[in-house]
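The values are calculated or read from the model by the stated rules, or taken from the named source; none is laboratory data. Owing to the predicted nature of the structure, the values given are computational and were not obtained by experimental measurement. Here Cβ is always computed from backbone atoms with ideal geometry, including for glycine, and neighbour counts include all displayed protein chains.
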Amino acid sequence: MDKVKNEMGFAVATPLTTIKKNNEEIVRTMLKQVQMPNRIVFGSWGATRFVMAESDNDNHEPCLRFKVNGNHFKGYVHIFYNWADYYRIEFVSTHNNLKKVIDVVYFDELQEKIDVFVEKIKEYAF
C-alpha cells in the first residue's frame with residue numbers, strides 16, 4: 001500500500017466514498033465479526049459513529065469505519081475487505097493522520113488486533 005501524505009508530511013487514511021448497495025451486506029458482516037468474539041472487549045473501546053463506506057480507489061473495497069475512545073488510542077478505525085478474503089485495518093487520528101496499518105488480518109483476528117492497539121491492558125486478563 002502506497003501511503004498518501006498530506007501537506008505536513010503525515011500519512012493519511014485511504015480516502016472513502018459512499019458505499020454501493022451490493023457492499024452493504026459485507027460491511028454488516030464485518031461489524032458482526034468485530035463484535036461477536038467478546039462483546040465486553042468490543043464495548044471497552046467506546047465505539048461510536050459507525051459508517052458504511054468503501055475505498056475511493058479502483059478496488060472499491062468495502063469499509064467499516066467507527067470512532068473509538070480507548071485507553072491507548074482515540075480516533076477512527078477503518079476496516080477494509082480486500083476481496084482476497086482478508087482485511088486491512090487502518091487506525092486514523094481525529095485529524096485524519098494515519099497512525100498504524102495492519103495488513104492481512106483474517107476475520108477471527110479482527111477483534112484481537114484492534115483491541116491490542118486501542119485498549120488492551122495485559123494485567124486485565126480474563
Just the residues that are more than 15 Å from GLY70 (Cα to Cα) and either surrounded by 15 or more Cβ atoms within 10 Å (Cβ to Cβ) or under 12 Å from the mean Cα position of the chain (by Cα) (or both), please, taken from segment 38-58. PHE50, VAL51, MET52, ALA53, GLU54, SER55
Selection status of ALA84, among the hydrophobic types (A, V, I, L, M, F, W, C), out of contact with any Asp or Glu (no Cβ under 9 Å at 6 or more places or on another chain) and part of a strand (DSSP E or B): no
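Specify which of the listed residues (HIS95, HIS60, HIS72) is closer than 27 Å to GLU123 by Cα and in a loop (DSSP other than H, G, I, E, B). Full working, then the answer.
Numbers: HIS95 fails: closer than 27 Å to GLU123 by Cα; HIS60 fails: closer than 27 Å to GLU123 by Cα.
Only one candidate passes the filter, namely HIS72.
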In segment 94-126, residue surrounded by the most Cβ atoms within 10 Å (Cβ to Cβ) [restricted to those that are of a type in the set (Asp, Glu) and over 16 Å from LYS67 (Cβ atoms)]: GLU109
Within segment 35-57, residues within 14 Å of GLU119 (Cα to Cα), hydrophobic (A, V, I, L, M, F, W, C) and either in contact with a strand residue (DSSP E or B) (Cβ under 8 Å, 6 or more places away or on another chain) or in a strand (DSSP E or B) (or both) come out as TRP45, ALA47
Within segment 98-126, the residues that are touching a helix residue (DSSP H, G or I) at 6+ places or on another chain (Cβ under 9 Å), over 16 Å from MET36 (Cβ atoms), hydrophobic (A, V, I, L, M, F, W, C) and not in a helix (DSSP H, G or I) are ILE102, PHE126
Can you tell me how many residues in segment 62-93 are buried (at least 17 other Cβ atoms within 10 Å of the Cβ) and over 17 Å from LYS113 (Cβ atoms)? 2
Do we have any residue at all in segment 20-35 that's over 18 Å from ASP85 (Cα atoms), at pLDDT below 90 and of a type outside the set (Gly, Ala, Ser)? yes
